[in-house]
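The values are calculated or read from the model by the stated rules, or taken from the named source; none is laboratory data. Bear in mind that the values here come from a model prediction, so they are computed numbers and not experimental data. Don't worry about glycine lacking a Cβ; one is built from the backbone with ideal geometry, like all the others, and counts go over all protein chains shown. Heads up: the accessible areas ignore ligands, DNA and RNA and are worked out on the full protein's heavy atoms, side chains in. Shrake-Rupley method; radii C 1.70, N 1.55, O 1.52, S 1.80 Å.
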Amino acid sequence: MGFKGIYQHKSSRFKFLILLSLIFISVIAHMLLAIGFVFLFFDNGMMLIQNQDLSNQASVNYLKLMQLFSGIGLFITPLLLYSYLTNFNFSLIKSSAKGIMLVGIIIVLITPFIALLLEWNRMIPLPDWLLKFDVNSEAFLIAFLKMDSVLELLYTLLVIAVVPAIGEELLFRGYLQKKIGQRLGNMHISILITGFLFSAIHFHFEGIIPRFVLGVLLGYIFYWGKNLWLPIFAHFVNNAQAVILYYPLFEVENSLYSISSEEKVMPMLAVLSLISAVGVLYIFYCSTKKD
(Lines give C-alpha, C1' and ligand atoms only; values in the text may rest on other atoms or scores of the structure.)
Protein backbone atom coordinates (compact mmCIF):
# COMPACT_ATOMS: atom_id res chain seq x y z
CA MET A 1 0.00 0.00 0.00
CA GLY A 2 1.42 3.40 -1.01
CA PHE A 3 1.24 6.63 0.95
CA LYS A 4 -0.15 8.75 -1.89
CA GLY A 5 -3.43 10.35 -0.84
CA ILE A 6 -3.71 8.45 2.46
CA TYR A 7 -4.95 11.59 4.25
CA GLN A 8 -7.15 12.80 1.41
CA HIS A 9 -10.42 12.26 3.28
CA LYS A 10 -9.29 13.54 6.68
CA SER A 11 -10.67 16.78 8.13
CA SER A 12 -9.19 20.17 7.26
CA ARG A 13 -7.94 20.56 10.83
CA PHE A 14 -6.15 17.20 10.68
CA LYS A 15 -4.57 18.09 7.32
CA PHE A 16 -3.39 21.43 8.71
CA LEU A 17 -1.72 19.65 11.63
CA ILE A 18 -0.07 17.28 9.13
CA LEU A 19 1.30 20.29 7.24
CA LEU A 20 2.65 21.91 10.41
CA SER A 21 4.29 18.61 11.41
CA LEU A 22 5.87 18.23 7.99
CA ILE A 23 7.23 21.80 8.12
CA PHE A 24 8.70 21.24 11.61
CA ILE A 25 10.38 17.95 10.69
CA SER A 26 11.55 19.24 7.30
CA VAL A 27 13.17 22.39 8.72
CA ILE A 28 15.13 20.39 11.30
CA ALA A 29 16.19 17.76 8.74
CA HIS A 30 17.35 20.35 6.20
CA MET A 31 19.26 22.34 8.81
CA LEU A 32 21.08 19.18 9.88
CA LEU A 33 21.87 18.44 6.24
CA ALA A 34 23.17 21.99 5.74
CA ILE A 35 25.41 21.75 8.81
CA GLY A 36 26.69 18.41 7.52
CA PHE A 37 27.55 20.03 4.18
CA VAL A 38 29.39 22.83 5.99
CA PHE A 39 31.64 20.39 7.87
CA LEU A 40 32.25 18.36 4.69
CA PHE A 41 33.00 21.15 2.22
CA PHE A 42 34.04 24.20 4.27
CA ASP A 43 37.26 24.74 6.18
CA ASN A 44 36.74 25.89 9.78
CA GLY A 45 33.08 24.83 9.66
CA MET A 46 32.47 25.41 13.38
CA MET A 47 33.90 28.93 13.16
CA LEU A 48 31.59 29.74 10.23
CA ILE A 49 28.56 28.50 12.14
CA GLN A 50 29.41 30.59 15.20
CA ASN A 51 30.48 33.78 13.38
CA GLN A 52 28.30 35.55 10.78
CA ASP A 53 30.87 37.92 9.28
CA LEU A 54 29.41 39.53 6.15
CA SER A 55 32.84 40.85 5.16
CA ASN A 56 34.20 37.30 4.96
CA GLN A 57 33.34 35.55 1.66
CA ALA A 58 33.55 32.09 3.25
CA SER A 59 31.03 33.19 5.88
CA VAL A 60 28.75 34.63 3.17
CA ASN A 61 28.94 31.35 1.22
CA TYR A 62 27.98 29.48 4.39
CA LEU A 63 25.01 31.82 4.93
CA LYS A 64 23.92 31.31 1.31
CA LEU A 65 23.99 27.56 1.83
CA MET A 66 21.91 27.85 5.01
CA GLN A 67 19.46 30.13 3.19
CA LEU A 68 19.17 27.61 0.36
CA PHE A 69 18.51 24.67 2.68
CA SER A 70 16.15 26.63 4.92
CA GLY A 71 14.08 27.79 1.92
CA ILE A 72 13.76 24.25 0.60
CA GLY A 73 13.10 22.83 4.07
CA LEU A 74 10.55 25.44 5.12
CA PHE A 75 8.54 25.69 1.91
CA ILE A 76 9.24 23.25 -0.90
CA THR A 77 9.78 19.83 0.70
CA PRO A 78 6.93 19.92 3.26
CA LEU A 79 4.39 21.35 0.82
CA LEU A 80 5.20 18.80 -1.89
CA LEU A 81 4.97 16.01 0.71
CA TYR A 82 1.65 17.46 1.90
CA SER A 83 0.37 17.46 -1.67
CA TYR A 84 1.44 13.82 -2.07
CA LEU A 85 -0.17 12.66 1.19
CA THR A 86 -3.46 14.57 0.77
CA ASN A 87 -3.78 14.80 -3.03
CA PHE A 88 -3.82 18.58 -2.69
CA ASN A 89 -3.79 20.25 -6.09
CA PHE A 90 -1.37 23.19 -6.40
CA SER A 91 -2.45 23.82 -10.01
CA LEU A 92 1.05 23.24 -11.39
CA ILE A 93 0.00 22.75 -14.98
CA LYS A 94 1.55 23.47 -18.35
CA SER A 95 1.52 27.18 -19.15
CA SER A 96 1.38 28.91 -22.49
CA ALA A 97 4.37 30.90 -23.73
CA LYS A 98 2.07 33.92 -24.06
CA GLY A 99 1.06 33.81 -20.40
CA ILE A 100 4.66 33.45 -19.24
CA MET A 101 5.74 36.35 -21.45
CA LEU A 102 2.94 38.65 -20.25
CA VAL A 103 3.55 38.12 -16.53
CA GLY A 104 7.28 38.70 -17.04
CA ILE A 105 6.56 41.99 -18.83
CA ILE A 106 4.14 43.05 -16.06
CA ILE A 107 6.78 42.58 -13.37
CA VAL A 108 9.45 44.49 -15.30
CA LEU A 109 7.06 47.35 -16.08
CA ILE A 110 5.75 47.77 -12.55
CA THR A 111 9.20 47.91 -10.89
CA PRO A 112 9.55 51.75 -10.95
CA PHE A 113 6.13 52.09 -9.30
CA ILE A 114 7.14 49.55 -6.64
CA ALA A 115 10.39 51.48 -6.13
CA LEU A 116 8.39 54.67 -5.47
CA LEU A 117 6.21 52.83 -2.95
CA LEU A 118 9.39 51.66 -1.22
CA GLU A 119 10.60 55.28 -1.02
CA TRP A 120 7.32 56.36 0.54
CA ASN A 121 7.27 53.39 2.90
CA ARG A 122 10.72 54.31 4.22
CA MET A 123 9.51 57.83 4.98
CA ILE A 124 6.85 56.51 7.37
CA PRO A 125 8.07 56.81 10.99
CA LEU A 126 7.92 53.38 12.60
CA PRO A 127 8.19 52.64 16.34
CA ASP A 128 11.51 51.24 17.54
CA TRP A 129 9.91 48.04 18.85
CA LEU A 130 8.62 47.27 15.35
CA LEU A 131 11.97 47.96 13.70
CA LYS A 132 13.60 45.43 16.05
CA PHE A 133 11.80 42.70 14.11
CA ASP A 134 13.80 43.65 11.01
CA VAL A 135 16.43 40.94 10.66
CA ASN A 136 18.82 43.28 8.77
CA SER A 137 17.79 41.57 5.55
CA GLU A 138 19.16 44.34 3.32
CA ALA A 139 22.71 43.94 4.67
CA PHE A 140 22.52 40.18 4.12
CA LEU A 141 21.12 40.67 0.62
CA ILE A 142 23.88 43.08 -0.42
CA ALA A 143 26.48 40.63 0.90
CA PHE A 144 24.82 37.80 -1.04
CA LEU A 145 24.89 39.88 -4.23
CA LYS A 146 28.69 40.23 -4.33
CA MET A 147 29.46 37.96 -7.30
CA ASP A 148 32.71 37.58 -9.24
CA SER A 149 31.92 34.73 -11.64
CA VAL A 150 29.09 33.29 -13.71
CA LEU A 151 28.97 30.30 -11.36
CA GLU A 152 28.41 32.62 -8.39
CA LEU A 153 25.71 34.43 -10.37
CA LEU A 154 23.88 31.15 -11.04
CA TYR A 155 24.25 30.06 -7.42
CA THR A 156 22.91 33.41 -6.18
CA LEU A 157 19.97 33.18 -8.58
CA LEU A 158 19.20 29.75 -7.15
CA VAL A 159 19.29 31.04 -3.57
CA ILE A 160 17.55 34.40 -4.04
CA ALA A 161 15.26 33.85 -7.04
CA VAL A 162 14.53 30.19 -7.85
CA VAL A 163 13.96 28.67 -4.39
CA PRO A 164 11.99 31.63 -2.92
CA ALA A 165 9.84 31.89 -6.05
CA ILE A 166 8.87 28.22 -5.99
CA GLY A 167 8.64 27.83 -2.23
CA GLU A 168 6.80 31.03 -1.31
CA GLU A 169 4.32 30.66 -4.15
CA LEU A 170 3.57 27.07 -3.13
CA LEU A 171 2.73 28.29 0.36
CA PHE A 172 1.08 31.65 -0.20
CA ARG A 173 -0.70 31.39 -3.53
CA GLY A 174 -0.86 27.62 -3.99
CA TYR A 175 -1.98 26.74 -0.47
CA LEU A 176 -3.05 29.73 1.67
CA GLN A 177 -4.86 31.72 -1.04
CA LYS A 178 -6.84 28.64 -2.05
CA LYS A 179 -7.66 27.61 1.51
CA ILE A 180 -8.65 31.08 2.73
CA GLY A 181 -10.72 31.63 -0.41
CA GLN A 182 -12.56 28.36 0.11
CA ARG A 183 -13.20 29.17 3.77
CA LEU A 184 -14.41 32.74 3.16
CA GLY A 185 -16.08 32.11 -0.18
CA ASN A 186 -14.45 35.26 -1.58
CA MET A 187 -11.19 35.05 -3.53
CA HIS A 188 -10.67 38.84 -3.61
CA ILE A 189 -10.55 39.04 0.21
CA SER A 190 -8.36 35.93 0.21
CA ILE A 191 -5.90 37.62 -2.17
CA LEU A 192 -5.69 40.68 0.10
CA ILE A 193 -5.19 38.59 3.26
CA THR A 194 -2.59 36.39 1.58
CA GLY A 195 -0.80 39.45 0.21
CA PHE A 196 -0.59 40.92 3.71
CA LEU A 197 0.70 37.64 5.20
CA PHE A 198 3.23 37.35 2.36
CA SER A 199 4.52 40.84 3.12
CA ALA A 200 4.46 40.61 6.92
CA ILE A 201 6.29 37.29 7.15
CA HIS A 202 9.43 38.83 5.64
CA PHE A 203 9.76 40.99 8.80
CA HIS A 204 10.97 43.98 6.80
CA PHE A 205 8.46 46.64 7.76
CA GLU A 206 10.18 49.44 5.85
CA GLY A 207 9.13 47.55 2.71
CA ILE A 208 5.80 46.11 3.82
CA ILE A 209 3.66 48.26 1.47
CA PRO A 210 5.43 47.50 -1.86
CA ARG A 211 5.73 43.82 -0.93
CA PHE A 212 1.98 43.76 -0.15
CA VAL A 213 1.23 45.26 -3.56
CA LEU A 214 3.43 42.64 -5.22
CA GLY A 215 1.71 39.92 -3.21
CA VAL A 216 -1.71 41.09 -4.37
CA LEU A 217 -0.48 41.26 -7.97
CA LEU A 218 0.86 37.70 -7.74
CA GLY A 219 -2.45 36.65 -6.21
CA TYR A 220 -4.47 37.97 -9.13
CA ILE A 221 -2.04 36.46 -11.64
CA PHE A 222 -2.73 33.08 -10.02
CA TYR A 223 -6.48 33.70 -9.66
CA TRP A 224 -6.95 34.68 -13.29
CA GLY A 225 -4.36 32.35 -14.79
CA LYS A 226 -5.35 29.32 -12.64
CA ASN A 227 -1.77 28.10 -12.99
CA LEU A 228 0.77 28.36 -10.17
CA TRP A 229 3.70 28.44 -12.61
CA LEU A 230 2.62 31.96 -13.62
CA PRO A 231 3.11 33.65 -10.20
CA ILE A 232 6.21 31.49 -9.69
CA PHE A 233 7.72 32.90 -12.87
CA ALA A 234 6.60 36.45 -11.99
CA HIS A 235 8.15 36.09 -8.53
CA PHE A 236 11.34 34.75 -10.10
CA VAL A 237 11.59 37.70 -12.51
CA ASN A 238 11.06 40.18 -9.66
CA ASN A 239 13.92 38.68 -7.63
CA ALA A 240 16.19 37.77 -10.54
CA GLN A 241 16.30 41.23 -12.11
CA ALA A 242 17.89 42.63 -8.94
CA VAL A 243 20.46 39.82 -8.89
CA ILE A 244 21.35 40.10 -12.59
CA LEU A 245 21.67 43.89 -12.53
CA TYR A 246 23.99 43.67 -9.52
CA TYR A 247 26.37 41.39 -11.41
CA PRO A 248 29.36 43.48 -12.62
CA LEU A 249 28.85 42.59 -16.30
CA PHE A 250 25.25 43.89 -16.32
CA GLU A 251 25.39 46.48 -13.55
CA VAL A 252 23.76 49.79 -14.39
CA GLU A 253 24.73 52.64 -12.07
CA ASN A 254 21.74 54.14 -10.22
CA SER A 255 19.31 51.79 -11.97
CA LEU A 256 15.88 51.65 -10.35
CA TYR A 257 16.04 47.90 -10.86
CA SER A 258 19.15 47.62 -8.67
CA ILE A 259 18.74 46.77 -4.99
CA SER A 260 21.53 49.15 -3.99
CA SER A 261 20.32 52.11 -6.04
CA GLU A 262 19.74 55.39 -4.21
CA GLU A 263 18.20 57.00 -7.27
CA LYS A 264 14.97 58.84 -6.53
CA VAL A 265 11.99 57.74 -8.60
CA MET A 266 10.34 60.43 -10.69
CA PRO A 267 6.60 60.38 -9.90
CA MET A 268 5.72 60.64 -13.61
CA LEU A 269 7.84 57.58 -14.36
CA ALA A 270 6.08 55.70 -11.56
CA VAL A 271 2.66 56.70 -12.95
CA LEU A 272 3.67 55.53 -16.44
CA SER A 273 5.00 52.35 -14.87
CA LEU A 274 1.68 51.66 -13.16
CA ILE A 275 -0.44 52.50 -16.21
CA SER A 276 1.63 50.33 -18.55
CA ALA A 277 1.70 47.42 -16.09
CA VAL A 278 -2.07 47.62 -15.56
CA GLY A 279 -2.51 47.71 -19.35
CA VAL A 280 -0.52 44.51 -19.85
CA LEU A 281 -2.28 42.96 -16.83
CA TYR A 282 -5.61 43.66 -18.56
CA ILE A 283 -4.33 41.95 -21.72
CA PHE A 284 -3.31 38.99 -19.52
CA TYR A 285 -6.78 38.96 -17.90
CA CYS A 286 -8.51 39.00 -21.29
CA SER A 287 -6.29 36.23 -22.61
CA THR A 288 -7.14 34.01 -19.63
CA LYS A 289 -10.86 34.64 -20.15
CA LYS A 290 -10.52 33.76 -23.81
CA ASP A 291 -8.65 30.55 -22.99
Return the only residue of Leu217, Leu197, Leu158, Leu230 being of a type outside the set (Val, Ile, Thr), closer than 26 Å to Ser96 by Cβ and open to solvent by 50 Å² or more (accessible area, probe 1.4 Å).
Leu158
Under the condition of being assigned to a loop (DSSP other than H, G, I, E, B) and touching a Lys or Arg at 6+ places or on another chain (Cβ under 7 Å), which residue from the range 189-236 is nearest to Glu138 (Cα to Cα)?
His202
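What number of residues within the range 237-247 are more than 13 Å from Ala165 (Cβ to Cβ) and in a helix (DSSP H, G or I)?
Going through the range 237-247 one residue at a time, the tally reaches 1.
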Whichever residue in the range 2-31 is more than 23 Å from the chain's Cα centre (by Cα) and in a helix (DSSP H, G or I) and, among such residues, is surrounded by the fewest Cβ atoms within 10 Å (Cβ to Cβ):
Arg13
Might you let me know whether the range 86-96 holds any residue that is in a helix (DSSP H, G or I), under 30 Å from Lys10 (Cα atoms) and at pLDDT 90 or above?
yes
